[in-house]
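Asks: One structure, pasted below without further comment.
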Amino acid sequence: MRPDTPADHTTEAERLLRTAAQYPEDQEPLVLQAAAHLELAGDRARASTLYDDLLAAPESTVENPHLVKALKAANLWEYGHEAEARAIIEGIRAAGPLDAAPWQVAAETLEAHDELESAHDFFSTALTLLLAPGEEVPYATQSLLTGRHRVRRLMGLDHDTWDELAGALHTAPVPLDELHDPKRLWSLGSSDPVELKAEITRLRAELGTYRTALSRPFPVAVLHWPENELRELLTAYPDLADEYVDRATHLSRLEESLRDLHATGTPNLGIVTGTVPSYEASPADGHLLPQYATTLAARGRATPWPPSRTAACWCGSGEAYGGCHGG
């Protein structure tokens, strides 16, 4: 059963923190989940402490510092620390992170507090940075298009190219324009059965979208072994040589698998990085490797695929994805 009361959320936060202590390599995603539950429990001060603890850790141990900062800013604003929240959000803009999540959290924080022009600017800045003209929109970036469309409808702005793209990517039965219609609030107080029925249909469509997102708490993940880890893996478990052959073959097969999954319409794809110490599958049974990948993804270890063409390639080469495996 999902947590419902503040006490339930506090209990779940404590469980997640115990798990984080048990699996230090997965500390960041687990602590972020715990902080979210504390916010829902109304314990925002303690949630901020968790964010601060993560940010105080050595940089090498924090994988998504800008996301942590964005979540901290959203939380701070909710309990009276607006000035500090604004300063953090401006810091995120100045840093220009190359992943969508911190931009989205910051923009939606501004939107929630009726800072529509600032929210619109944040969404637009993020898309300019993350979305190259003509490239396929990564799964993680689609929510930026949707959020920007929503804000522009609230501002009464005409459609532009990105709004049209957001509408094209929208899969719910009710069009995006209708879902984001600012006049929808009026229908909630209407006594007209036709208007009320139309609003129920729209709410069901929104709920379906949210349920779809919740049913995919982690991506369909493919397992990647860095060079040193792969060498150690094949030395310790030579029976896996048929599965991986060598580094170059492993990388090309990984990218090929992701492209094949994408071609079949599989959404929310990701890559998880394996380490020999955490590998628990039998070395004689390569069929357990997907289970290991799923376990890592469930712990929040997945990186969305594909990255933008200008982002660093997932393989760790240091080159842009477009000039490496995305070429």
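The values are calculated or read from the model by the stated rules, or taken from the named source; none is laboratory data. If you're wondering where the values come from, they're calculated on a predicted model, not measured in any experiment. We place every Cβ from the backbone using ideal geometry, glycine too, and count neighbours over all the protein chains shown. Note: accessible area is taken over every heavy atom of the protein model, side chains too, but ligands, DNA and RNA are not part of it. Shrake-Rupley method; radii C 1.70, N 1.55, O 1.52, S 1.80 Å.
Asks: Provide, for q = 0.12, 0.16, 0.25 Å⁻¹, the log10 of I(q)/I(0) from a solvent-free Debye sum over equal Cα point scatterers in segment 219-322.
Replies: Debye curve over Cα of segment 219-322, log10 I(q)/I(0) at q = 0.12, 0.16, 0.25 Å⁻¹: -0.38, -0.70, -1.56.
Asks: Another one. Top mean-square fluctuation among ASP242, ASP52, ASP43, Gaussian network model of the chain, C-alpha springs under 10 Å?
Replies: Its mean-square fluctuation being the largest, the pick is ASP242.
Asks: In the Gaussian network model of the chain, springs joining C-alpha atoms below 10 Å, which of GLY167, GLY42, GLY80 carries the largest mean-square fluctuation?
Replies: Between GLY167, GLY42, GLY80, it is GLY80 that shows the largest mean-square fluctuation.
Asks: Counting alpha carbon pairs within less than 8 Å and at least 6 residues apart, what relative contact order, in whole percent, applies to the chain?
Replies: 12 percent
Asks: I would also like to ask the following. Given a 1.4 Å probe, how much area per residue of the chain is accessible, in Å²? Could you put the intermediate results ahead of the total?
Replies: On the way: 17570 Å² over 327 residues.
On a per-residue basis, 54 Å².
Asks: Indicate, rounded to the nearest 5 percent, the antiparallel portion of the DSSP beta bridges found entirely in the chain.
Replies: 45 percent
Asks: Further, regarding this structure: If I build a Gaussian network model for the chain, linking alpha-carbon pairs within less than 10 angstrom, which residue out of ALA35, ALA236, ALA74 has the largest mean-square fluctuation?
Replies: So, out of ALA35, ALA236, ALA74, the one fluctuating most is ALA236.
Asks: Next question, about the same structure. Among the trypsin sites (Lys or Arg not before Pro) in segment 78-184, which ones are in a DSSP loop with at most 15 other Cβ atoms within 10 Å of the Cβ? Mind listing them?
Replies: LYS183
Asks: Okay, next question. Of the accessible area of the chain, with the probe set at 1.4 angstrom, what percent is carbon plus sulfur?
Replies: 54 percent
Asks: Find which of LEU154, ALA56, ILE88 sits farthest along the positive direction of the dipole of the chain, computed with +1 on the beta-carbon of Lys and Arg, -1 on that of Asp and Glu, about the Cα centre.
Replies: Checked the options; the winner is LEU154.
Asks: Once fully extended, how much extra length lies between ARG93 and LEU288, figured as 0.36 nm per residue of separation less the alpha-carbon to alpha-carbon distance?
Replies: 66.0 nm
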